[in-house]
1. Quick one: count up the residues across the range 232-272 that are surrounded by fewer than 23 Cβ atoms within 10 Å (Cβ to Cβ), touching a Gly at 6+ places or on another chain (Cβ under 9 Å) and not small (Gly, Ala, Ser).
2. Could you tell me whether any residue of the range 162-184 is in contact with a Cys (Cβ under 9 Å, 6 or more places away or on another chain) and either open to solvent by 20 Å² or more (accessible area, probe 1.4 Å) or closer than 19 Å to Val236 by Cβ (or both)?
3. Name the single residue, out of those in the range 185-202 being within 16 Å of Glu235 (Cα to Cα) and not small (Gly, Ala, Ser), that is surrounded by the most Cβ atoms within 10 Å (Cβ to Cβ).
4. Name every residue in the range 203-228 that is open to solvent by 10 Å² or more (accessible area, probe 1.4 Å) and in a helix (DSSP H, G or I), in order of residue number.
5. Given the conditions (1) modelled with pLDDT of 95 or more; (2) within 19 Å of Gly24 (Cα to Cα), report the number of the one that Gly357 does not fulfil.
6. Name the one entry in Leu103, Leu95, Leu125 that is in contact with a Gly (Cβ under 7 Å, 6 or more places away or on another chain) and modelled with pLDDT of 95 or more.
7. Within the range 351-399, count every residue that is part of a helix (DSSP H, G or I) and in contact with a Lys or Arg (Cβ under 7 Å, 6 or more places away or on another chain).
8. Under the condition of being part of a loop (DSSP other than H, G, I, E, B) and among the charged types (D, E, K, R), which residue from the range 16-46 is modelled with the highest pLDDT?
Amino acid sequence: MTQNTNQAFYDRVSAELADIDAQGLTKPERVIASRQGPVISVNGRDVLNFCANNYLGLAGDERVTQAGIKAQEKWGAGTASVRFICGTLEIHKELERAIADYLGFEDAILFAAAFDANGGIFEPLFGAEDAIVSDSLNHASIIDGVRLSKAQRYRFANSDMADLETKLKEARAAGARNIIIATDGAFSMDGYIGKIDQIRGLADQYEALIMVDDCHATGFLGDKGKGSFAHCGVEVDFVTGTFGKALGGAMGGFICARKNVVELLKQRARPYLFSNALAPAVCGSSLEAIRIASGEEGDALRAQLFANAARFRSAMTEAGFDLLPGEHPIIPVMLGDAKLAQDMAARLLELGVYVIGFSFPVVPRGQARIRTQMSAAHTFEQIDAAVAAFTQAGRELGVI
């Protein structure tokens, strides 16, 4: 009986996978045989890479690579422990100080992943007497983090300030002790930059705190790449982010905040207390990436990144593609149908351009797309070649 019941479970898993595939929603994993960069090796051939979060082009940078190697040579592969037992190294403290100073905060706390940072920020700081007001398109990690907290939950329509104010009024009327507004600094599927300046105004009016997830902003948005809040010219209370995108491309997350907040998180944040410390190699690479991003070279890389984004956006619009508007280097090419997005991505790979089709549940049903992402490492010639391939594939598949 037990064996039959177990087989029914595995049959159900297989049936669900078959249904996902029939709807054109299967997300293939293509194996890359080279470093991350504007050109990568896939299936034995070099192709142009237009879907990585490698905004400043540092993921394959030799200086970043060597900094990671040197850190591992000194500190070993890892600590074999969590931070509070015997897992805190000098390089962890150095990285916390570096990211806090870079973004202009008193202190920072490191996590194994940015998902853990968002998963660990709410529960220790906000209880049943408090309220969290969250943007409807926030990243899944914020959504999961909010669910772990006992705070009252409110959700406002994406970047809709009128709806945000309505929810703030409701939270205040319900007697919330503290209110925190949680938002992505840049929304990863759409490339929209959050209205952090307007959120700041409402937060001041309703005495609310602000938490911003700047995974798709740190390193390249705002003055010196400090993030979406700097881009909008305001301050916020908490910033979560990653070393897995612009700042080296490895992994690891952080929260920047006031010192006493960081101290409490180090005592209570479960993903921090129960996960091994960040690997020394990641710390070393991230420190070098921060050094580059915060200096004059970072300014040049940011200028090239946005020049590349403008060139791609202009040429794709002229070719007749439906793009979501914006200024962010995430530029979604809207296709609507999930199977069409997969077919388009497959044809582009044949034409030498590596991109991925995004569909439900990553994006809403009926809004399938190819999310292109520019890098400072792309040349204008590579961008023009990608546009030419998109144009050919688009005509063949009836997109344009």
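1. Residues flagged as surrounded by fewer than 23 Cβ atoms within 10 Å (Cβ to Cβ), touching a Gly at 6+ places or on another chain (Cβ under 9 Å) and not small (Gly, Ala, Ser) within the range 232-272 amount to 7.
2. Looking for residues that are in contact with a Cys (Cβ under 9 Å, 6 or more places away or on another chain) and either open to solvent by 20 Å² or more (accessible area, probe 1.4 Å) or closer than 19 Å to Val236 by Cβ (or both), one finds at least one in the range 162-184, hence yes.
3. Ile196
4. Of everything in the range 203-228, those that are open to solvent by 10 Å² or more (accessible area, probe 1.4 Å) and in a helix (DSSP H, G or I) turn out to be Asp204, Gln205, Asp223, Lys224.
5. (1)
6. Leu103
7. 4
8. Checked the range 16-46; the qualifying residue modelled with the highest pLDDT is Arg35.
The values are calculated or read from the model by the stated rules, or taken from the named source; none is laboratory data. Just so we're clear, the structure is a prediction, and the values are computed from it rather than from any experiment. We place every Cβ from the backbone using ideal geometry, glycine too, and count neighbours over all the protein chains shown. Heavy atoms of the whole protein, side chains included, go into the accessibility calculation; ligands, DNA and RNA do not. Shrake-Rupley method; radii C 1.70, N 1.55, O 1.52, S 1.80 Å.
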